[in-house]
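**Student:** Sharing a structure, written as structure tokens. Questions coming.
The values are calculated or read from the model by the stated rules, or taken from the named source; none is laboratory data. Bear in mind that the values here come from a model prediction, so they are computed numbers and not experimental data. Counting neighbours? That spans all protein chains shown, and the Cβs are built from the backbone with ideal geometry, glycine included. With ligands, DNA and RNA removed, areas are computed over all heavy atoms of the protein, side chains included. Shrake-Rupley method; radii C 1.70, N 1.55, O 1.52, S 1.80 Å.
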Amino acid sequence: MNLETPMTPHAKQPWTPDSWRGLPAAQQPVYRDAAAVEAVLAELRELPPLVVAEEVDFLQQQLAEAAEGKRFLLQGGDCAEAFADCRGAIIQDKLRVLLQMSVLITHGGRTGVVHLGRIAGQYAKPRSGLTERVNGEEVPVYRGDLINGLGLDQREADPRRLMEAYHRAAATLNHLRALVDGGFADLQHPEHWDLSWSREDAGHYLETLDQVRNSLAFVQRLGGLPEHLRTGELFTSHEALHLPFETALTRFVPEKGRHYNLGAHFLWIGERTRQLDHAHLEYVRGIANPIGLKVSAVMTPDTLRQVLARLDPERRPGRLTLITRFGAGRAEAALPGLIACAREEGHPVLWSCDPMHGNGRQAAGGLKTRAFGDILQELQEVASLHRACGSRMGAVHFELTGEPVTECTGGMENLDEAGLQRAYRSGCDPRLNRSQSLEMAFLIAQMIREA
Ligand code: PEP
Ligand code: CO
């Protein structure tokens, strides 16, 4: 056993990939056939990992640089990836929109961008209730394709989905890697990037867009970019929610002397599963990956202090990203105390802003939506609070897609609630569409420049 294996505070037991078992674990599905689950997990443990430890360490290094203000982290993708969306065109569109946002942020914010998709494994969702009412019928909630299906006849947790998730994540990642290796993500080949917003669409961003196009052409003529502005790497992330599944993808890496979750580069713990002394914090405590932690306005500095001590006792740069998700108008009461706490405790955290999850609303027609204006307001509030506290918002976290969906209101298209039904495709939370994402990237670049 590795001598540095951390101890579990609850029982002073050493950490193992299974030391979370026996602790309370929120949001875990109940399966009818436990033996079938075990059989799938046993098979998963033998399959090749999706990522390798070197990549994970490289991401951690880049996140450490982002925490120091030398890079900017862009994390984004679906709320819940659907198995049915494991298709070339959809994956390409998503990568393209992330990269286009990256170009705008790189150009406008004069900073290198780290690309982290909510992709290739973002299949499990925490839910507020166990059941929901659909057409007058009480049915189990949809928990993400890892667990059950959105269709009303698929709501029972099915262990075969764990294997399907592995294969779909592998196929997604394989395609992403091929696109990146094939030059799709190369700033020197912007012909892949289709920055062709029509002149009308680009509206008041036209001038900036022209500047971006000019500088891309300039880069092409130069034949290269300075190293810190080069793009091309894409990392994967998902919420570490389904603990037996995550454990099955956790491997001991002898050369590093540590355990890694090799199902993704980056894992995060959601707002509903971050209880102290519960299973989720215990699980991520011992893995070597960089970890994200969602933080809402109910998080107190005292709790944060204990969470930081548990997840990052060595104060490793890049290890922890705190992803705040307060809601527009609610950061001011919460954020300064949390910033002070992390600083006093000496944790070199990367601060990220998720302006999506505190801004959910129900539209008049019943659909879940978020307003572009609320999302932007939270980003601006959080960025300026960091500035006022001598800190820095070094990352953003979005739910977005490259498809022309109609799920969030507002933006340049001025989508209103009545227009939401036109192309509402999310099985879970509403996402920014391509044009809303690009507009957001212009505004983020502006914010970074102002900071
Ligand atoms: C999410 O990121 O999809 C999510 C459920 O977020 P949170 O845990 O912050 O509510
Ligand atoms: Co969500």
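**Student:** Between exposed GluC sites (Glu not before Pro) in the chain, where DSSP calls loop and at most 11 other Cβ atoms lie within 10 Å, what's the longest gap?
**Tutor:** Working: sites that count: GLU4, GLU255, GLU314.
Answer from the scan: 5-254.
**Student:** Which residue, chosen from ALA342, LEU209, ALA42, occupies the Cα position most advanced towards the positive end of the dipole of the chain, where the dipole is computed from +1 (Lys, Arg) and -1 (Asp, Glu) charges on Cβ about the Cα centre?
**Tutor:** ALA342
**Student:** Could you list which residues have their amide H under 5 Å from that of GLY292, counting only those 5 or more apart in sequence or on another chain, with H placed in the peptide plane?
**Tutor:** For GLY292, whose amide H was placed from the backbone, the distant partners under 5 Å are LEU267, TRP268, ILE269, THR321.
**Student:** Identify unpaired cysteines across the chain, taking unpaired to mean no other cysteine Cβ lies under 4.7 Å from the residue's Cβ.
**Tutor:** Lone cysteines by the Cβ rule: CYS86, CYS341, CYS353, CYS389, CYS408.
**Student:** Determine the calculated [θ] at 222 nm for the chain from helices alone, applying -39500 (n - 2.57) to every DSSP H run no shorter than 4 residues and normalising by the residue count; nearest 500 deg cm²/dmol.
**Tutor:** Values: 12 runs with 166 residues, N = 451.
Calculated from helices alone, the mean residue ellipticity at 222 nm is -12000 deg cm²/dmol.
**Student:** A further question on this structure: Would you mind telling me the share, in percent, of accessible area of the chain contributed by carbon and sulfur at probe 1.4 angstrom?
**Tutor:** Details: 9220 of 18210 Å².
It is 51 percent, rounded to a whole number.
**Student:** Still on this structure: Which of LYS70/LYS94; LYS125/LYS368; LYS94/LYS125; LYS94/LYS256 have a Cα-Cα distance over 23 Å?
**Tutor:** Details: LYS70/LYS94 25 Å; LYS125/LYS368 16 Å; LYS94/LYS125 20 Å; LYS94/LYS256 33 Å.
LYS70/LYS94; LYS94/LYS256, as the Cα separations exceed 23 Å there.
**Student:** Separate question: Dipole of the range 392-451, Cα-centred, from +1 at each Lys and Arg C-beta and -1 at each Asp and Glu C-beta, to the nearest 20 debye?
**Tutor:** Details: 6 positive and 9 negative charges, 46 e Å.
With only Lys, Arg, Asp and Glu charged at Cβ, the dipole is about 220 debye.
**Student:** Considering only DSSP beta bridges where both residues belong to the chain, give the percentage that are antiparallel (nearest 5). The partial results should precede the final answer.
**Tutor:** Values: 14 of 49 bridges.
Restricted to the chain, the bridges split so that about 30 percent are antiparallel.
**Student:** Give a residue-ordered list of calculated ³J(HN,Hα) values for the range 401-410 (Karplus: 6.51 cos²θ - 1.76 cosθ + 1.60, θ = phi - 60°; whole Hz; x for Gly, Pro).
**Tutor:** For the range 401-410, the Karplus-derived couplings read 8, x, 7, x, 7, 10, 10, 9, 8, x Hz, x marking Gly and Pro.
**Student:** Using the basic label-point model (7 angstrom from Cα toward the beta carbon), what is the VAL298 to ARG32 distance in nanometres?
**Tutor:** Once both label points are built, they end up 3.3 nm from each other.
**Student:** Follow-up question, since we're still on this one. Label points 7 Å out from Cα along the Cβ direction at LEU47 and ARG316: separation in nm?
**Tutor:** 2.6
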